[in-house]
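The values are calculated or read from the model by the stated rules, or taken from the named source; none is laboratory data. Everything quoted here is computed from the prediction, not taken from an experiment. So basically every Cβ, Gly included, is an ideal-geometry build from the backbone, and we count neighbours across all protein chains shown.
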Amino acid sequence: MRLLVLTASAEWTAGVQLLVALAWSLAERGDVVAVVCAREGTVARAIGTHWPRLSLRAELGNGRVGQFAKLRGLVSALRPDAVLVGHGADAQLAALALGRRGGVVRRVALDEWGVPRRTPWGMRRTAVETWGADELALSWPAPGAAGHSTDVAVLPRTPGQPPELLILAGERHDEGVAAALRAAASLRARHPSLRLTLASRHRLPQATLVHAAALRLTADLQLIDGEALVTYARPAPTVLWSAAAGDAGALGVLAAMQQRVPVVVAAEAPFAPLVRPAITGFHWHAEVASTVVAHMARVIGDPAVHHSMGEAAAVRVAHDFGWDRFVEAAAVRLRRVAASRLALRSS
């Protein structure tokens, strides 16, 4: 197939990163794939860093009219059978540019779960398939897969190294982050050598740092870019607490599970089903906060328990959310809309 992967986003979000990883794997399978993105912003630069061999067309401007004109020209030149997108506005843009000349697969980002979905104007002449509206359309490649290019090797934790709790935070200081910090303070009381790392794809709010200081957690606090977790650019932590929302939280969980790391997630998070409580990690909510902290303390302090839970996490992600299966699911949907557009053209 001839495929376009389209994102008009100027930001290198977790959802965009997932689409680009899919583009790489589809190209490795033999499809002819080009990624179309904005001229400005961080997306083109990130693709050049992590997937330098991908065919990249960083040609979209800021206005929707100009984006449509540019994409229409690319469709005429490249003649794609289908377009893969990750946002409703991009699906509309692709459908308008394609008309009856191709089909669109839209992966619904977790950030859009719960948002009312309507069929935008201009999409009725094009075959459009929605993927992930009612089930998790999620996966993440294991270390060394999907063409990851990183300057730092995937390193195991060194025996005797102090345990580490990594908190994956979002762009706001919400109750999920506050609960994770309180848990870190309780865990350090039981394991004084515990190291704390805060990771986020955004600039951490000042309120998060103030809260950490109030809990006396800043003495050896490390701050890192949340992307380092999913590019495997650092050694795995002992335990991950994902307080980030949407795709950023979900991909962080999947990457940690790939590295045999037990995970804590909020029970109400859309991606909570990734974690099987007491088997691959824990579900947190306010009523069981003290119990979860006690279980985490045992995981940190007992190597056998940590090993068993970490192995179960790796098996869970490989068996139920494996990357090869995810890529095939995308390919099946892209072939289906490509076939549908032929029917539309002949009608």
Residue check, VAL128 against (1) in contact with a strand residue (DSSP E or B) (Cβ under 9 Å, 6 or more places away or on another chain); (2) at pLDDT 90 or above; (3) not hydroxyl-bearing (Ser, Thr, Tyr), all met but one. Which one? (2)
Please specify each residue of the range 15-41 satisfying the condition of being under 15 Å from ALA145 (Cβ atoms) and surrounded by fewer than 20 Cβ atoms within 10 Å (Cβ to Cβ). GLU28, ARG29
Please state which one of VAL263, VAL299 is touching a Gly at 6+ places or on another chain (Cβ under 7 Å) and buried (at least 19 other Cβ atoms within 10 Å of the Cβ). VAL263
Failed item in (1) touching a residue at least 40 places away in the same chain (Cβ under 8 Å); (2) farther than 27 Å from ALA244 by Cα; (3) in a helix (DSSP H, G or I); (4) of a type in the set (A, V, I, L, M), with ALA89 passing the rest: (2)
So is VAL253 surrounded by fewer than 16 Cβ atoms within 10 Å (Cβ to Cβ), of a type in the set (A, V, I, L, M, F, W, C), out of contact with any His (no Cβ under 6 Å at 6 or more places or on another chain) and not in a strand (DSSP E or B) or not? no
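Tell me, which residue of the range 53-83 that is of a type in the set (Gly, Ala, Ser) and part of a loop (DSSP other than H, G, I, E, B) is surrounded by the fewest Cβ atoms within 10 Å (Cβ to Cβ)? Full working, then the answer.
As a first pass, look at the range 53-83 and keep what is of a type in the set (Gly, Ala, Ser): 55, 58, 61, 63, 66, 69, 73, 76-77, 82.
This time we only want the ones that are part of a loop (DSSP other than H, G, I, E, B), so: 61, 63.
Details: GLY61: 14, GLY63: 9.
So, considering only residues that are of a type in the set (Gly, Ala, Ser) and part of a loop (DSSP other than H, G, I, E, B), the one surrounded by the fewest Cβ atoms within 10 Å (Cβ to Cβ) is GLY63.
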Only residues that are closer than 20 Å to VAL83 by Cα and polar (S, T, N, Q): list them for the range 39-61, please. SER55
Among the residues of the range 161-217, write down those that are among the basic types (Lys, Arg) and assigned to a loop (DSSP other than H, G, I, E, B). ARG172, ARG201, ARG203, ARG216
Please work out which one of (1) in contact (Cβ under 8 Å) with a residue 24 or more places away in the chain; (2) crowded, with 19+ Cβ neighbours inside 10 Å is the condition ALA44 fails and give its number. (1)
Within the range 226-246, how many residues turn out to be more than 14 Å from the chain's Cα centre (by Cα) and under 21 Å from HIS295 (Cα atoms)? 6
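Does ARG234 meet the test of being basic (Lys, Arg), modelled with pLDDT under 95 and either within 22 Å of THR197 (Cβ to Cβ) or outside any helix (DSSP H, G or I) (or both)?
On the way: basic (Lys, Arg): yes; modelled with pLDDT under 95: yes; either within 22 Å of THR197 (Cβ to Cβ) or outside any helix (DSSP H, G or I) (or both): yes.
Yes; evaluated as a whole, the condition is true for this residue.
Please enumerate the residues belonging to the range 21-70 that are aliphatic (A, V, I, L, M) and touching a Ser or Thr at 6+ places or on another chain (Cβ under 6 Å).
Once the filter is applied, which keeps residues that are aliphatic (A, V, I, L, M) and touching a Ser or Thr at 6+ places or on another chain (Cβ under 6 Å), the range 21-70 yields only ALA34.
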